[in-house]
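S.K.: If you scroll down you'll find the structure; I have some questions about it.
The values are calculated or read from the model by the stated rules, or taken from the named source; none is laboratory data. The shown structure was predicted, so the numbers you read here are calculated from the model rather than taken from an experiment. Glycine gets a Cβ as well: all are built from the backbone with ideal geometry, and neighbour counts include every protein chain shown.
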Amino acid sequence: MSDRDLLDGTEPGPAGVRDLLARATELAAGAEPRTFRGASVGALFLNPSLRTRTSLESACAMLGVHPIVLQPGLGTWDLEFRDGVVMDGAYAEHAKEAIPVLSSFVDVLAVRSFAGLADRAADREDRVLASVRALSRVPVLNLESARWHPLQGLADQATWTRRFGDPRGKRIVLTWAPHPKALPQAVPNQVLLSAAMLGMDVVVAHPEGFDLEPDVMDRASTLASEAGGGVRVTHDPATRFDGAQVVYAKSWSGSSFYGRREEEASLREASSGWQVTGVPAGAGFMHCLPVRRNVVVSDAVLDGPSSWVQEQAAFRLWTVLAVLEAQLGGARWPSA
Ligand code: CP
């Protein structure tokens, strides 16, 4: 464990987040990054990625840092993270050996490990991330876990800050959207927390049954009220965008659907009307990407003038650069 871990994006505290956003903005405007010659970043990708992997590797190049990207099971040993299991199956090495060894070779250890959506307790505990955090000898960087996606959250916060100056009080509608598959809650959780931290007026819109975890909703409400904002829920697709200045679409699986996937699939199919086909005048459309066109959102919205998705994605580079500068530079987060 380190006082420079970035796990859910709240670790730097409000002042630290402001510092990171300011630094990301300077870097985007052409400021020279610091360099860390001889340093290396290890990145364990247990799931696929386009933006997170390429922005991490590009940031490493700009910092003079060597990125070591590992995909367990593809060229490195498949890793077991569960405690007390008989390892007579596919997993050749346990995290208890691998993570201390790996973290003795690198200066930051990053990991991507999505929710399995089979075991609610395991997903709520964010077991892989928690295990890496407990076993690592160097700062840990979450590249999207079962519950959180802090680098996405920082890029989103940078987008809101660029668009609004101070995002406090601006209305963001985080809307559930149709999708052919059940998806994890990490991104909607993160959007919720990131917007709440900045004091935005957050509306969470979803069909009945697709609730986010109650502890995440409670935490976001607390953060929002501390920052001068609020969080409320609507189940009405017709009025969900009323007053919205940002529409953020994402599909997710409801917390109550563990063990009831067939029921969820039929509810998802019946909710195709939640596709985003327009946003209020002046509002921006956001999505973390990748996005399924004409399922989640129409071509017209995604290709139109209200789409902020390219700007949002571009901030992924500048925000991970700012985070790695801070983690490699040895400064404690202001909140630590
Ligand atoms: N938004 C995001 O994290 O994209 P990737 O899954 O492609 O990294």
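S.K.: Within segment 162-195, can you find the residues that are outside any loop (DSSP other than H, G, I, E, B), away from the ligand (no atom under 14 Å from the Cβ) and either touching a helix residue (DSSP H, G or I) at 6+ places or on another chain (Cβ under 9 Å) or modelled with pLDDT under 95 (or both)?
M.R.: Within segment 162-195, R162, R163, I172, L174, T175, W176, L192, L193, A195 qualify.
S.K.: From the list V86, V17, V69, pick out the single residue that is out of contact with any strand residue (DSSP E or B) (no Cβ under 6 Å at 6 or more places or on another chain), more than 25 Å from S335 (Cβ to Cβ) and modelled with pLDDT of 95 or more. Walk me through it before giving the result.
M.R.: Working: V17 fails: more than 25 Å from S335 (Cβ to Cβ); V69 fails: out of contact with any strand residue (DSSP E or B) (no Cβ under 6 Å at 6 or more places or on another chain).
Being out of contact with any strand residue (DSSP E or B) (no Cβ under 6 Å at 6 or more places or on another chain), more than 25 Å from S335 (Cβ to Cβ) and modelled with pLDDT of 95 or more holds for just one of V86, V17, V69, which is V86.
S.K.: Kindly check whether there is at least one residue in segment 317-326 that is under 20 Å from M62 (Cα atoms), among the β-branched types (V, I, T) and within 13 Å of the ligand (Cβ to nearest atom).
M.R.: yes
S.K.: Tell me, please, whether a residue that is assigned by TED's automatic domain parsing to the domain that holds A177, part of a loop (DSSP other than H, G, I, E, B) and in contact with a Lys or Arg (Cβ under 7 Å, 6 or more places away or on another chain) can be found in segment 251-273.
M.R.: Yes: segment 251-273 contains one or more residues that are assigned by TED's automatic domain parsing to the domain that holds A177, part of a loop (DSSP other than H, G, I, E, B) and in contact with a Lys or Arg (Cβ under 7 Å, 6 or more places away or on another chain).
S.K.: Taking Q245 as the residue in question, decide whether it is within 16 Å of the ligand (Cβ to nearest atom) and in the same structural domain as V296 (by TED's automatic domain parsing).
M.R.: no
S.K.: Here are T239, T222, T159: which of them is part of a helix (DSSP H, G or I) and farther than 27 Å from N47 by Cα?
M.R.: Selected residue: T222, the only one of T239, T222, T159 that is part of a helix (DSSP H, G or I) and farther than 27 Å from N47 by Cα.
S.K.: Any residue at all in segment 124-145 that's within 14 Å of the chain's Cα centre (by Cα) and surrounded by fewer than 22 Cβ atoms within 10 Å (Cβ to Cβ)?
M.R.: yes
S.K.: Restricting to helices (runs of 4 or more DSSP H) lying wholly in segment 1-110: which have 2 or more residues that are surrounded by fewer than 18 Cβ atoms within 10 Å (Cβ to Cβ) and either within 16 Å of the ligand (Cβ to nearest atom) or among the aliphatic types (A, V, I, L, M) (or both)?
M.R.: Per the criteria, 13-28, 51-63.
S.K.: Can I ask one more? If I ask for residues that are surrounded by 13 or more Cβ atoms within 10 Å (Cβ to Cβ), in contact with a Phe, Trp or Tyr (Cβ under 9 Å, 6 or more places away or on another chain) and assigned to a helix (DSSP H, G or I), which ones from segment 293-336 would you list?
M.R.: Passing the criteria: V301, L302, V309, L324, E325, A326, L328.
S.K.: Okay, next question. Looking at segment 275-292, which of its residues are crowded, with 20+ Cβ neighbours inside 10 Å, in contact (Cβ under 8 Å) with a residue 60 or more places away in the chain and farther than 30 Å from T35 by Cα?
M.R.: If the condition is that a residue be crowded, with 20+ Cβ neighbours inside 10 Å, in contact (Cβ under 8 Å) with a residue 60 or more places away in the chain and farther than 30 Å from T35 by Cα, then V276, G284, M286 are the ones that fit.
S.K.: Right, next: Quick one: in segment 112-152, which of the residues that are charged (D, E, K, R), in contact (Cβ under 8 Å) with a residue 40 or more places away in the chain and outside any loop (DSSP other than H, G, I, E, B) is farthest from the ligand (Cβ to nearest atom)?
M.R.: Checking each candidate, the answer is R120.
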